[in-house]
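First the structure, in the form of structure tokens, and then the observations on it.
The values are calculated or read from the model by the stated rules, or taken from the named source; none is laboratory data. Please read all numbers here as calculations on a predicted model, not as lab measurements. Using ideal geometry, Cβ is built from the backbone for each residue, glycine included, and neighbour counts are taken over all protein chains shown.
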Amino acid sequence: MSTSSPAVGPGVIGAGAAVLAFDVGGTDIKSALIDTHGTTLDLRRTPTPHSDEDPAGALIHELGALADGLRSRHPLVVPQAVGVVVPGIVDADAGVGVFASNLGWRDAPLRRLAEERFGLPVAFDHDVRTASWAEHLLGGARGHANVVVLIIGTGIAGAILVDGRPFTAGGYAGEIGHSPIADGPICACGARGCLEAVASAGAIVRRYAAETGSEPDGARDVIARGRTGDAVAARIWGEALDALTLALAQLTAVIAPDAIVIGGGLSRAGGALFDELRARLAARLSFHRLPELIPAQLHEDAGLIGAALRARELA
């Protein structure tokens, strides 16, 4: 089963080589063909395959089938390269998916497998790092050389740009969601007190439901309940803000970014998130240079746009 979107108009990524782009997530894959005008053709979301026996092989098989479909539906657009971005620990230089807990691979040579399947150059990278690169070039991080990008959704993912270049550390840098901010609760990764176990949208919903027995309609519903007198909702949201403030203060003290760009579902909370974080961060720090806190602009399309941009570098 797939869902498709109409073509996004030209000008999003500009003119250049035609490329195939894939943004692989734990639940679904976004795929598209980008033509020479920069128009995103035939954007689709399809389920991510899961295989206990050969998770990497199953993924490449699915990407190949999606590419075949895109090419057959648009025979006049001839791609020159492919961009593939995936979650987990990613060594982009080696072309290896080091580890992805939700997709099941370890040390998978994904770039080599993709190049064999497509017969084209393949740009391979981490999904959030690539989305951050797209935000740097085209979105909320434009004009800033030293940037932290934080995506707050079901979990919390991050990426770091230093002097306009992604800082990767072999794929291990940017795991901001798994930075410790407390002694608990236990995170899904197995560690204690990770930021995403307290401050992700998923954690906010889970914590509220566990304490009240009421299932909220997302994290923003918890925020709204807190504003209308729900003491449990207000406390859980306050604890999430405290955890985020601590993490941003640590990043500010160590990296001194010009800007921190925040995306993901929670970023749509608007002032309830950004105004609170600005005030709390200013109160927490002293001599430090405060970063701008900026909403992401490319949102859920950032990974796919970034994959296309990376592919064009090889075309």
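At a glance:
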| item | result |
| --- | --- |
| Those strands (runs of 3 or more DSSP E) lying entirely in segment 91-190 with at least 1 residues surrounded by fewer than 18 Cβ atoms within 10 Å (Cβ to Cβ) | 96-100, 105-108, 156-162 |
| In segment 270-297, the residues that are touching a strand residue (DSSP E or B) at 6+ places or on another chain (Cβ under 8 Å) and surrounded by 17 or more Cβ atoms within 10 Å (Cβ to Cβ) | LEU273, LEU277, ARG278, LEU281, PRO291, LEU293, ILE294, ALA296 |
| Some residue of segment 221-239 being within 20 Å of the chain's Cα centre (by Cα) and either surrounded by fewer than 23 Cβ atoms within 10 Å (Cβ to Cβ) or not in a helix (DSSP H, G or I) (or both) | no |
| Among the residues listed as VAL98, VAL84, VAL12, VAL90, the single one being touching an Asp or Glu at 6+ places or on another chain (Cβ under 9 Å), β-branched (Val, Ile, Thr) and modelled with pLDDT of 95 or more | VAL84 |
| Selection count where residues are more than 15 Å from LEU298 (Cα to Cα), at pLDDT 90 or above and of a type outside the set (S, T, N, Q), scope segment 120-147 | 10 |
| Residues that are within 18 Å of the chain's Cα centre (by Cα), of a type outside the set (Val, Ile, Thr) and more than 17 Å from LEU248 (Cβ to Cβ), drawn from segment 168-187 | ALA169, GLY170, GLY171, TYR172 |
| Subset of segment 264-299 (residues that are part of a helix (DSSP H, G or I), under 20 Å from the mean Cα position of the chain (by Cα), without any contact (Cβ under 8 Å) to a residue 60 or more places away in the chain and at negative phi) | ARG268, ALA269, LEU273, PHE274 |
| Residues of segment 64-90 classified as outside any strand (DSSP E or B) and closer than 25 Å to GLY153 by Cα, total | 2 |
